[in-house]
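Working notes, structure below.
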Amino acid sequence: ATIAEECGFGNAERMRRSFQRLFDVSPHDYRARFRSPALM
């Protein structure tokens, strides 16, 4: 199972849409904006 399924979203697309609605930014853009230099 994917993380999205394990968290109750059913699939990754549904999780992505919920994330974008909640934070007004896509998960991809969120990661790009807030990526820690230590993790690169």
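Please treat every number below as a calculation from the coordinates, not as lab data. Everything quoted here is computed from the prediction, not taken from an experiment. Backbone-built Cβ (ideal geometry, glycine too); neighbour counts: all protein chains shown.
What the table below lists for this structure:
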| quantity | calculated |
| --- | --- |
| DSSP-loop trypsin sites (Lys or Arg not before Pro) across the chain, with at most 15 other Cβ within 10 angstrom | Arg35 |
| Stokes-Einstein D (µm²/s) once Rh is taken as the Kirkwood radius of the chain over alpha-carbon pairs, at 4 °C in 1.567 mPa s | 118 µm²/s |
| Net +/- balance of residues flanking His28 in space, Cβ distance below 12 Å, scoring K and R +1, D and E -1 | +3 |
| Rounded tilt (10° steps) of 12-23 against the dominant C-alpha axis of the chain | 60 degrees |
